[in-house]
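Below is one structure; the comments refer to it alone.
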Amino acid sequence: MASPSLNPAIDRINALTHSLTAALIVEATKLRGEGLPVPLVTSIVMDAAMLAASGFVQTAVFNGEVRTTMPVEELLRVRLEELLALPIRIFPQLPDGSFDTVGHARN
């Protein structure tokens, strides 16, 4: 695992991102194994991930677990733009099928 940061929230974000990314890659591999073309697999997995994020925020707002200062749709757009501006880590799949837990920085 990557060395811990000084911010436990960032460590949790990184760990959750790693596990979600690994799960999405596994699903993409299954879909490709079913013979679906790569562009369709990419669209299916990306749409599912984005809908899950949207559903999470909308459910949390509806249930009163979080509050927002703007409409959910706008919040999602703004946050996506902010996240796309951040440096990210790529977690390549290893020969044994597991994923590199350290990853490689990429902007």
Name the single residue, out of those in region 1-59 being in contact with a helix residue (DSSP H, G or I) (Cβ under 6 Å, 6 or more places away or on another chain) and closer than 19 Å to A105 by Cα, that is modelled with the highest pLDDT. S5
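Conditions (1) in a helix (DSSP H, G or I); (2) more than 18 Å from I13 (Cα to Cα); (3) within 18 Å of the chain's Cα centre (by Cα); (4) aromatic (F, W, Y), marked per residue:
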| position | (1), (2), (3), (4) |
| --- | --- |
| G35 | no, yes, no, no |
| V41 | yes, yes, yes, no |
| D47 | yes, yes, yes, no |
| F56 | yes, no, yes, yes |
| R67 | no, yes, no, no |
| L75 | yes, yes, yes, no |
Between E34, E65, E74, which is without any contact (Cβ under 8 Å) to a residue 40 or more places away in the chain, among the charged types (D, E, K, R) and surrounded by 11 or more Cβ atoms within 10 Å (Cβ to Cβ)? E74
Could you grab me the full set of residues in region 11-31 that are surrounded by 11 or more Cβ atoms within 10 Å (Cβ to Cβ), hydrophobic (A, V, I, L, M, F, W, C) and within 14 Å of the chain's Cα centre (by Cα)? I13, A15, L20, A22, A23, L24, I25, V26, A28
Please indicate, with yes or no, whether at least one residue in region 62-75 is under 30 Å from S98 (Cβ atoms) and among the acidic types (D, E). no
So which residues in region 81-103 are in a loop (DSSP other than H, G, I, E, B), without any contact (Cβ under 8 Å) to a residue 40 or more places away in the chain and either of a type in the set (V, I, T) or surrounded by fewer than 13 Cβ atoms within 10 Å (Cβ to Cβ) (or both)? A85, L86, P87, P92, L94, P95, D96, G97, S98
Kindly evaluate L24 against the criterion of being closer than 20 Å to D100 by Cβ and either assigned to a loop (DSSP other than H, G, I, E, B) or out of contact with any Lys or Arg (no Cβ under 6 Å at 6 or more places or on another chain) (or both). yes
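The values are calculated or read from the model by the stated rules, or taken from the named source; none is laboratory data. If you're wondering where the values come from, they're calculated on a predicted model, not measured in any experiment. Methodologically, a virtual Cβ is constructed for each residue, glycine included, from the backbone with ideal geometry; neighbour enumeration extends over all protein chains shown.
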